[in-house]
1. Taking the mean number of other Cβ atoms within 10 Å as a proxy for protection, how do you rank 42-55, 299-312, 147-160 from highest to lowest?
2. In nanometres, what is the gap between the two model label sites at Gln147 and Tyr40, each 7 Å from Cα along Cα-to-Cβ?
3. Based on alpha-carbon centroids, what's the gap between the stretch 124-186 and the stretch 291-320 in Å, whole number please?
4. Taking only C-alpha pairs under 8 Å that are 6+ residues apart, what is the relative contact order of the stretch 116-190 in percent?
5. In the structure shown, do any of Lys53/Lys251; Lys190/Lys221; Lys140/Lys299 have a Cα-Cα gap over 29 Å, and if so which?
6. Fully extended, how many nm does the chain gain between Leu200 and Asn218 (0.36 nm per residue separation, minus their Cα-Cα distance)?
7. Order these peptides, 74-87, 318-331, 345-358, by their mean beta-carbon neighbour count within 10 angstrom, highest first.
8. I'd like the chymotrypsin sites (Phe, Trp or Tyr not before Pro) in the stretch 123-152 restricted to DSSP loop residues with at most 16 other Cβ atoms within 10 Å, sorted by number.
Amino acid sequence: MQQEWIQKYFKGDLIIWMITFLFFCISILAVYSATSSLAYRQMSGNTEYYLFKHMFLLLCSIVAMFLVHNIDYRYLQGLAKIGLWISFPLLIITWQYGIKINEASRWIKIPFLGKTFQPSDIAQIALLIVIAHSVYKYHKYQQNLFQVLTKIFFWITAIVGAIALTNLSCALLLFVSCLIILFIGKIPFKRIFFFSFLCLMVGGVLIQFGQRKKTAFNRIKRFVSQEYTYQSVQSFMALATGGIYGKGMGKSVQRNFLPYPYADFIYAIIIEEYGLLGGFLVLLLYCMLLYRALYIMEKVTCLFGALLVGGIAFFITLQALINMAVTVGLLPVTGLNLPLISMGGTSLLFTAISLGVVLSVSRGYTNQHFSSSSVHYNYRKPSSAAHE
């Protein structure tokens, strides 16, 4: 009876559902520990203030994920185009008039509600959907490759460039994810390289007007010269004292010294309290999420769905790997949070929506009970000179 209820309401890939719920459970534990001291100081001893706020956001994210996974993903490309046209001017407005935190204007206040959100979260998922659909149309309708790539170049330059004005690391992550979609879609590599070069040239010009240019270069310079920042030093201390098994739940010390321990460096808190075993479990879950996405790509018959799943899965996984690499000192500080675990508003919500899209695609093969044999796409040969 319980299994029938789960299959009736939670459609799509059940393993991804399970991985997501595990992430949310880890998030609740980690955020509560990372924010309890801060809440005690700022909320008159109410150590659960940020926990309840975060749990409400998690609940909203689950609801959004559930609603999206019931929508046929083929209808999302129309909404994504609208999202791009809306998000681009919002990104420019945010750059000029947004709420500034740490010398970067990434948030904009919603009129009358008093709440803030990041327009970049809307732009990211909308751009991935539009590019995936453009590559799909190129193969299905035998469109001219140059025209398709021109359209893709326009949107990548506009959206990624606008995000780079306030958040360079996020812009680079989105840019790489877009290139992965083109690569999976079997766009000729020389074309990808050429248009990537053009995008980087335009991006280099836009960075000169960005808010984080000086900060980004200083972080890279310090990383190369091994002059670790205050955040990195405190993170290393958390890693060193965590050991193999950790100090135990809620016993973190570095949460009192790490800036934003509930966001950028929450992975350090996890390792400090749960040790290398806890850190490895988190890494394993992200790898399982990517593996399951690749499995869905192999099974689903629609190229658009396969590209969507690949782009979203690589975007989430790469962000997680970058965050963890920063925590352990393998990359300079970026400001990217740990997806599905760090405390956040629209970032957490739209990551859940992205997974809802993946689940919507996965319904295509779970409902039809495909066999274990691979289902291949009917790509046309990209070497046709007539279409290049």
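Every number here is computed from the coordinates shown, using simple stated rules; none is lab data. Just so it is clear, the model here is predicted, and its values are computed rather than measured. Note: ideal-geometry Cβ built from the backbone for every residue, glycine included; neighbour counts use all protein chains shown.
1. With the highest mean Cβ count within 10 Å placed first, the list reads 299-312, 147-160, 42-55.
2. 6.5 nm
3. Here the two parts' Cα centres lie 15 Å apart.
4. 35 percent
5. Beyond 29 Å between Cα atoms: Lys190/Lys221.
6. Roughly 4.5 nm would be gained on extension.
7. Per-residue Cβ counts within 10 Å, averaged per peptide and sorted highest first, yield 345-358, 318-331, 74-87.
8. Loop-located and lightly packed - Tyr141.
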